[in-house]
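Before any comments, here is the structure.
Where a number appears in this text, it was derived from the coordinates with a stated rule and is not lab data. If you're wondering where the values come from, they're calculated on a predicted model, not measured in any experiment. We place every Cβ from the backbone using ideal geometry, glycine too, and count neighbours over all the protein chains shown.
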């Protein structure tokens, strides 16, 4: 006998499954507001949210960002799961305000017998700068004795690694960004590139050695030799990172000394050897940046000086205030300060009073064009204070001489 299920039975079944659904559902939401007090302008009001639903080994996620008063910047959907020896990750991005499909990425991974294989595929729509584009790539990694060998075969797509930063999609009206690991090229292309990397940990006097060769269907691109943590026997606390790159038309050698005075103070020097390509001799050593780092428990103090802003720059807070070569920052799409040559930073990270983590950051920047005492140009303050284990409050401020340029605050909640 077949009986029709009534509304009461359906309601009881739904109530019975609510505890399971609640246990599998998690997420976060945040509000971020920015003002420009000096101009008397309301600059930003961002509302973001993320929700994850986990069922077994599969997690479904969605996240969105609204830039009020009326821009739904994007809506993303993703799924990640493991099926036996396979792992699957998919990402899809839409621009709801313009009803545009933007990007899709699929990653399939398999680990078997000590060999890690990953297949990446991606598609970029014509609504995004650089599109339409599509492509795929295969990454195979394994160990041969003490060496790790990685092969990346590109068929119209590149994969994020030590030499390549993936793809960053920028929403032009707001400047907001989304980042993904797989970057497609123009559509309809076959084989486009092959990269081979050989890595060794603890080879002779160095902590790590990496050799990378890259070629495309147009021919040889470059081969690079990178060594990290070269110990100097005469100065036990001094080590070097070096990278030698050969391209068709040029050769470059970047050396970064690292002086570690115990566990408290570290000095990093950003320098390059100046080559005379005609005579194949070294003309000198170019010193482009110096960074002093002092760690005292939960407090980190950094003093960064960039001596040639035409070669090296300091990235913004969103990119870690790192010292980078200008060409590398531009290629990676990193935001940086073009006129600030020195940074004095004090950062604190520690436990808060309500179970969360409290952070504080104070950055003072100095401009090469400033006529003020000590060349001070701008100070940026950021603080995150936990209200409870699931709720935190964030405050930010930028001020120049005599006025506050930007004031921001926000809340972040997890559930």
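Of note:
- As a rough footprinting exposure proxy, the listed residues 295, 272 were ranked by other beta carbons within 10 Å of their own, and the order from fewest upward is 295, 272.
- Shown for 357, 161: other C-beta atoms within 10 Å of each C-beta, ranked fewest to most, produce the order 357, 161.
- Pair residue 109, residue 269: separation of 7 Å Cα→Cβ label points (nm): 3.9
- Scattering from segment 73-140 was approximated by placing one identical point on each alpha carbon and applying the Debye formula without solvent; log10 I(q)/I(0) at 0.14 1/Å stands at -0.51.
- Rg/Rh ratio calculated on Cα atoms of segment 286-335 (Kirkwood radius): 1.03
- Cα-Cα pairs of segment 296-415 separated by more than 26 Å (percent): 30
- Compactness of segment 130-195 was expressed as the Cα radius of gyration divided by 2.2 N^0.38 Å, which yields 1.34.
- Pairwise FRET efficiency - residue 332 versus residue 79, Cβ, R0 = 35 Å, nearest 0.05: 0.80
- Separation in nanometres of the label points that stand 7 Å from Cα toward Cβ, at residue 339 and residue 146: 5.2
- Extension gain from residue 301 to residue 60, taking 0.36 nm per residue of separation minus the Cα-Cα distance: 82.7 nm
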